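What follows is a single structure, written as structure tokens, with notes after it.
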Amino acid sequence: MTDRTLARGDLADVVGAACAGGVRWISLREKDLPKAEQIALVARLRIVTAPWGARLTLHGTPELARAAGADGVHLSGGGDAAAARALLGPDALVGLSAHSLAEAAVAAPGVLDYLTASPVFPTTSKPGHGPALGVAGLGAFARTSSVPVIALAGIDADTLPICFRAGAKGVAVMGGIMRAEDPAAIVATLLAGIPPHAI
């Protein structure tokens, strides 16, 4: 996930380095920017993600994701996944931020591709955001949801394996990569920590 305010350099350079390290899915999360600037940023990032075959999605509305030519949309909690799917089509990635087990319980396969459960651990990127779910909370999300759960917040080389053992099918990383002097090296380290059974 992107955050240009945390990026050590130009966002496109950071994203390109992350892709070189092995990332194959970038989610643009720059919701404070005007829509036209988000669309332009998707176009810039497409240049550095396309050579790696990486998917590029957008946090926001499905209308904006379609206008930007993104590969899908990540909806805020309570977002209308069915409407997003209808607008973006069957090949788009459609995800939703879930903050309760009730939200996880109603996730419908074919409508939603994934949920993010957060914050799993305390995070310096969003201090005070919480309370943290912890391993037990993440496990409950994974058992409740009928779509894959992606762990978000506080993910690093130490916590990543724990998330997979708890039942997560993936992890989302923002600050650790955005702030890195060498994003490619950080990504490679994270990927090396994914348990073989999860790949």
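The values are calculated or read from the model by the stated rules, or taken from the named source; none is laboratory data. This one's a predicted model, so the numbers in the text were calculated from it and none came from an experiment. Cβ: placed from backbone, ideal geometry, glycine included. Neighbour counts: every protein chain shown. To get the accessible areas, we keep the full protein, side chains included, count just its heavy atoms, and leave off ligands, DNA and RNA. Shrake-Rupley method; radii C 1.70, N 1.55, O 1.52, S 1.80 Å.
Shape of region 68-128 from its Cα gyration tensor (a ≥ b ≥ c, root eigenvalues): rounded if a/c is under 1.5, otherwise prolate when a/b > b/c, or oblate?
oblate
Over the chain, average the accessible area per residue using a 1.4 Å probe and give it in Å², no decimals.
Here the residues of the chain average 46 Å² of exposed surface.
Nearest 5 is fine: what % of DSSP beta bridges in the chain come out antiparallel, could you say?
0
Between region 134-160 and region 8-75, what is the separation of their alpha carbon centroids in Å?
So the two Cα centres are separated by 23 Å.
Just to be sure I understand the model, the point goes 7 Å from the Cα along the line to the Cβ. What's the resulting L87 to A36 distance in nm?
That separation, rounded to one decimal, is 2.0 nm.
Gaussian network model of the chain, Cα springs within a sub-10 Å range: biggest mean-square fluctuation belongs to which of V106, V42, V14?
Sorting by GNM fluctuation, first place goes to V106.
Counting only protein heavy atoms, what percent of the accessible surface of region 102-199 is carbon or sulfur at a 1.4 Å probe?
Taking all protein chains in place, region 102-199 shows 62 percent carbon and sulfur surface.
Summing Lys, Arg as +1 and Asp, Glu as -1, what charge do residues with Cβ under 10 Å from the Cβ of A92 carry, A92 excluded?
Neighbourhood net charge equals 0.
In deg cm²/dmol and to the nearest 500, what is the mean residue ellipticity at 222 nm of the chain if only DSSP H runs of at least 4 residues count, each as -39500 (n - 2.57), divided by the residue total?
It lands at -10500 deg cm²/dmol.
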